[in-house]
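Let me begin by presenting the structure, written as structure tokens, before commenting on it.
The values are calculated or read from the model by the stated rules, or taken from the named source; none is laboratory data. Because the structure is a prediction, the values reported are computed rather than measured. Glycine gets a Cβ as well: all are built from the backbone with ideal geometry, and neighbour counts include every protein chain shown.
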Amino acid sequence: MITFINTTDINITEKTAVVIGKFDGEHRGHRKLFRTLKEEANKKGLKTVVFSFRTLPSNIVRNKNTTQIFTNVERRRKLEELGIDYYIEYPFDMNIARLTGEEFLVDILIGKLGMAEIVAGDDAAFGYKKSGNIELLNKLSKSLGFDLRIITKEKDDFQNDISSTLIRSKLDEGDMEEANKLLGSVYSITGTVEEGNKIGAKIGFPTLNIFPPKEKHLPKPGVYASRVRIGDDDTMYLGLTNVGSNPSIENDKRNHIYRVETYLYNFDASLYGREIEVFLYKYIRQEIKFQSLDELKSQISKDKIEVLNFLNSQAK
């Protein structure tokens, strides 16, 4: 996959099929877009392009602080696994925000990306005041000579549109089963293993610590049944993961900032500096402040059994 990250200096000379969007969730609706994109490109001999922005537009235009289900780095990896040819992470500022839908199409999608077809959801909206919509796409596809494929939105079991907002709400509730169902994959957190307080090792449960960036949308604090992938190895290790601020530890090295701390079953090796991906399957319990390390050790022993029983039952 060829990537253009945070640059406007793009000149794709091949004819392409394009999808545009935030894609911060990589959910079932997005996957439907990507599948259709690849189908259209294969039929017409086009290269596939996924166009997104470096920063969520609402965070700039409305001064919001919306977090992302998958970070930019995580999103790139998932798109590469899908076999996308070009990925654009375009810089977003107020100059870009002021482009009309027609200017955005002509100057960027056609002018820079060589767009011969666009695949869009039936609620597509882009450009200044969302002037880029299905009506405009239909009109310009005729006058500018590009193909247009419109697809309907994916729905959940209650006929709600599947969206990143809906999935974030499920993560906030700790409802991993529903969040994963809406995603069409398992929610995960990627990071580099760093040194923690080593309290887990002292009580017989050594853990892998990663500290996600502030833009990552983390689920409800608590203990989760998890699986872990190390680097590019496809092996999935069973894990017990705590997401939270480690309230039981006084004088915390990271001032109680959120971390993802995972104990791996039947694993004994140092992974400092290695990248891991932690997949969360089920919320087990809330995060608790324990009065002693003995209390903490006793509870983790119980959690370990419950998590292992769940993961083993799921595998059958």
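Kindly evaluate A179 against the criterion of being at pLDDT 95 or above, buried (at least 19 other Cβ atoms within 10 Å of the Cβ) and either of a type outside the set (K, R) or not assigned by TED's automatic domain parsing to the domain that holds V18 (or both). Criteria met by A179. With a requirement of 3 or more residues that are closer than 25 Å to P212 by Cα and either over 16 Å from the mean Cα position of the chain (by Cα) or of a type in the set (S, T, Y) (or both), the strands (runs of 3 or more DSSP E) lying completely within the stretch 1-78 that satisfy it span 2-5. The set of residues from the stretch 125-140 being free of Cβ contacts under 8 Å to residues at least 24 places away in the same chain and under 17 Å from P57 (Cα atoms) comprises A125, K129. For beta carbons closer than 6 Å, sequence separation of 6+ or different chains, a first residue in the stretch 228-247 that is farther than 30 Å from F290 by Cα and a second that is at pLDDT 90 or above and acidic (D, E), the qualifying pairs are G231/E275. For the stretch 266-292, give me the residue count where each residue is exposed (fewer than 10 other Cβ atoms within 10 Å of the Cβ) and not aliphatic (A, V, I, L, M). Qualifying residue count, the stretch 266-292: 6.
Selection within the stretch 56-65: residues that are surrounded by fewer than 19 Cβ atoms within 10 Å (Cβ to Cβ) and touching a residue at least 24 places away in the same chain (Cβ under 8 Å). The member of this set that is farthest from R229 (Cα to Cα) is V61.
Checking each residue in the stretch 53-97 for being modelled with pLDDT of 90 or more, out of contact with any Lys or Arg (no Cβ under 6 Å at 6 or more places or on another chain) and among the polar types (S, T, N, Q) picks out T67, Q68, N72, N95. When the stretch 39-79 is filtered for residues that are of a type in the set (A, V, I, L, M, F, W, C) and either closer than 26 Å to N180 by Cβ or touching a strand residue (DSSP E or B) at 6+ places or on another chain (Cβ under 6 Å) (or both), the ones remaining, listed by number, are A41, L46, V49, V50, F51, F53, L56, I69, F70, V73, L79. Each residue in the stretch 122-166 was checked for being within 20 Å of the chain's Cα centre (by Cα) and either surrounded by 13 or more Cβ atoms within 10 Å (Cβ to Cβ) or assigned to a loop (DSSP other than H, G, I, E, B) (or both), and 8 pass. Residues considered: K22, K15, K43. Of these, the only one that is surrounded by fewer than 17 Cβ atoms within 10 Å (Cβ to Cβ) and in contact with a Gly (Cβ under 7 Å, 6 or more places away or on another chain) is K15.
Within the stretch 141-163, being at pLDDT 90 or above, touching a helix residue (DSSP H, G or I) at 6+ places or on another chain (Cβ under 9 Å) and polar (S, T, N, Q) holds for T152, S163. Here E81 clears all of (1) surrounded by 15 or more Cβ atoms within 10 Å (Cβ to Cβ); (2) out of contact with any helix residue (DSSP H, G or I) (no Cβ under 7 Å at 6 or more places or on another chain); (3) under 18 Å from D24 (Cα atoms) except the condition numbered (1).
Within the stretch 183-196, is even one residue under 21 Å from R35 (Cα atoms), in a helix (DSSP H, G or I), touching a Lys or Arg at 6+ places or on another chain (Cβ under 6 Å) and of a type outside the set (D, E, K, R)? No, the stretch 183-196 contains no residue that is under 21 Å from R35 (Cα atoms), in a helix (DSSP H, G or I), touching a Lys or Arg at 6+ places or on another chain (Cβ under 6 Å) and of a type outside the set (D, E, K, R). Remark: pairs (first residue in the stretch 76-88, not assigned by TED's automatic domain parsing to the domain that holds T190; second residue assigned to a strand (DSSP E or B) and surrounded by fewer than 15 Cβ atoms within 10 Å (Cβ to Cβ); Cβ separation under 6 Å; 6+ apart in sequence or on different chains) = Y86/I2; Y87/T3.
Pairs meeting the criteria (first residue in the stretch 35-47 and under 13 Å from I84 (Cβ atoms), second residue in a helix (DSSP H, G or I) and at pLDDT below 95, beta carbons under 8 Å, at least 6 apart or on different chains) are K38/L82.
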